[in-house]
1. Show me, for region 52-57, the HN-Hα J-couplings you get by feeding each phi into the Karplus relation (A = 6.51, B = -1.76, C = 1.60, θ = phi - 60°), rounded to Hz, glycine and proline as x.
2. Using the beta-carbon distance between Ser250 and Leu272 and R0 = 30 Å, what value does 1/(1 + (r/R0)^6) give for FRET efficiency, to the nearest 0.05?
3. Roll a 1.4 Å probe over the protein chains and send me the accessible area per residue for region 43-106 in Å².
4. Show me the GluC sites (Glu not before Pro) within region 32-124 that DSSP assigns to loop and that have at most 12 other Cβ atoms within 10 Å of their Cβ.
5. So how far apart, in nm, are the two label points at Ala36 and Ala212 if each is 7 Å from Cα heading toward Cβ?
6. Using the beta-carbon distance between Arg205 and Asp158 and R0 = 22 Å, what value does 1/(1 + (r/R0)^6) give for FRET efficiency, to the nearest 0.05?
7. Stretch Gln257-Thr61 to full length: gain in nm at 0.36 nm per residue minus the Cα-Cα span?
8. Which whole-number percent gives the relative contact order of region 40-97, counting Cα pairs below 8 Å spaced six or more residues apart?
Amino acid sequence: MAKVIKNLNNERLRVLVYGKGGTGKTRFTGSAGMCAATSPSLMLTMGGNPISIRDYLVKPTIVEMSKLEDFNTIYDFLAAGQPSTSKLYAELEMVEPFKSVIVDGASMVQRKVMALITGQDERRMDLDKVRADTEIRHYKKNLDMLGPWGSLIFGLADNKNKLPLHVFMTALEQPPQIPIVSKEAQFAPTPNPAKEMFRPLFFGRVVDYIEAEAYIVGRMVTVERFSNREAKRMGIPDAGSYVMLTQQTSDYMAKDQFGKLKGYIVNPTVTLLCELIYYNEKEILRL
């Protein structure tokens, strides 16, 4: 039977951050290991750069996901409430259950899925061969695989689960593109390039589904994006700073469904994000 939702104030985090390489995505999500509400944390990296958090005193448990099927075992364990009888307790050197999970490199997960669909072997260079053309049917299969994958990963935050987790995901940035109009659609209205925006890098319509599953979508940029006047107004302290943009504009995709963020966070950490959303550590730890 359907269940009535009586409390909307104890939702776990579902955060998707995206940006170019070197914009602080892994440093932000990796800081979950230093936040009382989200530690201990598990980082599943596929093409991510966990080396960027090597200076953190407390780090997540980092697992290199070399194959797509590696997600099956980890997901089943987390979805089951991290039972202490699982062999993963020893393999992951766990002392207590994880409070959060990070997928670092979701754009690479997407690429490996497309390689699987098109029959490409990413273990070989093969620059002397033409690889399989990507066809419309491949994008359909891609959506059929990645749509449910995103739902299941972010669904680990659901309160109905035995042990809900805060969920973080990183992706690269897809710059605006003017769609190509086919001959069959030559009389259709030409898409307005002004409506294109920076978005997380996922092929096809997968991006719509992944964005929809997250409560917070943040675009990560460096301070160099801003003028000196803007940086001063926003309180950005130095040239090495990162900024998470959380309010959508005509230029980029972002959202804050908690309604607690002011549009940007300078040098974001998970602790700072939790304080902005849940107000104080006592309320955070009550989750």
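The values are calculated or read from the model by the stated rules, or taken from the named source; none is laboratory data. All values reported here derive from a predicted model rather than from experimental measurement. Here Cβ is always computed from backbone atoms with ideal geometry, including for glycine, and neighbour counts include all displayed protein chains. The protein model used for the area step is the full one, side chains on, heavy atoms only, and it has no ligands, DNA or RNA in it. Shrake-Rupley method; radii C 1.70, N 1.55, O 1.52, S 1.80 Å.
1. With coefficients 6.51, -1.76 and 1.60, one gets 6, 10, 4, 8, 6, 5 Hz.
2. The value I calculate is 0.65.
3. Roughly 53 Å² per residue, with all protein chains present.
4. Answer by residue number: Glu69, Glu93, Glu122.
5. 3.8
6. 0.40
7. Gain on extension, Gln257 to Thr61, equals 67.7 nm.
8. Once divided by the residue count of region 40-97, the mean separation gives 33 percent.
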